[in-house]
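Each remark here refers to the structure printed beneath this line.
The values are calculated or read from the model by the stated rules, or taken from the named source; none is laboratory data. Bear in mind the structure is a predicted one, so any value in this text is a computation, not a measurement. Every residue, glycine as well, gets a Cβ built from its backbone with ideal geometry; the counts of neighbours run over all protein chains shown. Surface accessibility is based on the protein's heavy atoms, side chains included, excluding ligands, DNA and RNA. Shrake-Rupley method; radii C 1.70, N 1.55, O 1.52, S 1.80 Å.
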Amino acid sequence: MSPIRSATIAALASAVVATTLTGCQFGGAEQDTSPIVIAADLELSGAAAPVGRAYQRALELKRDQLNSSGALNNRKIELKVKDNRSDSAESLRNIVDFSSDSQVSAIIMGGCNECAVGAVGTINEKRIPTIALAASGAIASPVAERRYVFKLGPNAVDSAAALTTELRRNNIRKVGMLVSDDDYGREGVTALRSELDKAKITLREQKVKTTDTDVSQQVRQLTSGKPDALVFWTPPEQATLAATSASQTTFRGSLFFDAGAAGDLFLGEAARATERATLIFTQTMVIDDVIATTPAKAARRQWFQDYTARFGGYNGSSSFAADAVQLIADAELRAGGEAGKVDRDGLRDVLETSQMDGLSGPIRMTPDNHSGLMPQALTTLVARNGRWRLAG
């Protein structure tokens, strides 16, 4: 039995095997050995390509692990991947193509907020279960208008609460915030300002487009206000640029990264600029610092080691993609249905009540909440000697 297999999938597989054997003994239906086809709409080129490629690697690794584990009861996962070129119009075309393919059980979308939000109407109309890895809360809420859409990844309100706890602990009274001018960024400003107001911490913000490759002007404007700390609420590449820009000014305060800024484990050329910076993210990024005292922690450590061994490094966002595959595989096994036929409605119904202790942390989907990552999944990391480490 593969050590990466979650307790949930093992239990499900055992249950399905038992049911199948009983069915055979009493003349039951033939066992379903059809593939579980999962489509993926990812940013493999364009501005968000680094994260999109990390997602693709994670999807392929998780597919291979599940297919070799025997946990799918003689079924195999197949991936159909399309590049949306970091463009919402291209992404929508991919979603339409995938939903028209009767073999596809579900779709996984990448980190593009505008792509996921823009596809909500089509996803619901086509009635195809979709898990988005982008961060915007508008992807999965309001649930009544997004019955087929689910989200994995940190939520703005949870990141804001965790960041504020760290800012208070460090006696920060004045904050400058560099924020992406997109749905998640706007949610972040609202959520962080609300938390900081309660803590009596002042906030000044500067916006950047998600396609900007130079953020030095905005950083200089923020540092001219002499803040005690800078918060970077942007995609990973921009957060790295911002940290480097800040190091080239007279600013000597603290740096804080929102969960959406998490990227590679090793900080590379930005190591000096980010030294002692704080990141709010999941424990998976630094699981090699954690003692594996539970099956879930052991699975996360194994995932970290397997990903690193295959790809030579680690990207924090990979666990969300892997968990999305696991959720869909689990739901497919539980949904049942006629052998060889895709039951998207049944899969959607199961996804809506899914619970698991995933690679990213505890995940709970409910009919009232389609954004599954629990606040408890977030923890505090600190940059030390060119890589992220568990704080403390």
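In table form, for the structure just shown:
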| item | result |
| --- | --- |
| Answer residue from segment 28-66, given it is open to solvent by 30 Å² or more (accessible area, probe 1.4 Å) and outside any loop (DSSP other than H, G, I, E, B) and is modelled with the lowest pLDDT among those | PRO50 |
| Qualifying position, being assigned to a helix (DSSP H, G or I) and surrounded by fewer than 24 Cβ atoms within 10 Å (Cβ to Cβ), among ALA160, ALA191 | ALA191 |
| Residue check, LEU373 touching a residue at least 24 places away in the same chain (Cβ under 8 Å) and over 25 Å from SER105 (Cα atoms) | no |
| Unmet criterion (only one of (1) part of a helix (DSSP H, G or I); (2) in contact with a helix residue (DSSP H, G or I) (Cβ under 7 Å, 6 or more places away or on another chain); (3) under 16 Å from ARG387 (Cβ atoms)) for MET285 | (2) |
| Criterion violated by LYS207 - all others in (1) of a type outside the set (Ser, Thr, Tyr); (2) out of contact with any Ser or Thr (no Cβ under 9 Å at 6 or more places or on another chain); (3) assigned to a strand (DSSP E or B); (4) surrounded by fewer than 22 Cβ atoms within 10 Å (Cβ to Cβ) satisfied | (2) |
| All positions within segment 237-262 that are more than 19 Å from LEU222 (Cα to Cα) and open to solvent by 10 Å² or more (accessible area, probe 1.4 Å) | GLY260 |
| Unmet criterion (only one of (1) without any contact (Cβ under 8 Å) to a residue 60 or more places away in the chain; (2) closer than 22 Å to LEU59 by Cβ; (3) open to solvent by 10 Å² or more (accessible area, probe 1.4 Å)) for PRO154 | (1) |
| Candidates GLN217, GLN238 - the one that is under 22 Å from ASN315 (Cβ atoms) and not in a loop (DSSP other than H, G, I, E, B) | GLN238 |
| Within segment 106-142, considering residues that are among the hydroxyl-bearing types (Ser, Thr, Tyr) and surrounded by 23 or more Cβ atoms within 10 Å (Cβ to Cβ), the one nearest to GLY188 (Cα to Cα) | SER136 |
| From GLY176, GLY153, residue being modelled with pLDDT under 95 and small (Gly, Ala, Ser) | GLY153 |
| Odd one out for GLY268 among (1) open to solvent by 70 Å² or more (accessible area, probe 1.4 Å); (2) on the phi > 0 side of the Ramachandran plot | (1) |
| Subset tally (residues that are open to solvent by 50 Å² or more (accessible area, probe 1.4 Å) and at pLDDT 95 or above) for segment 273-289 | 2 |
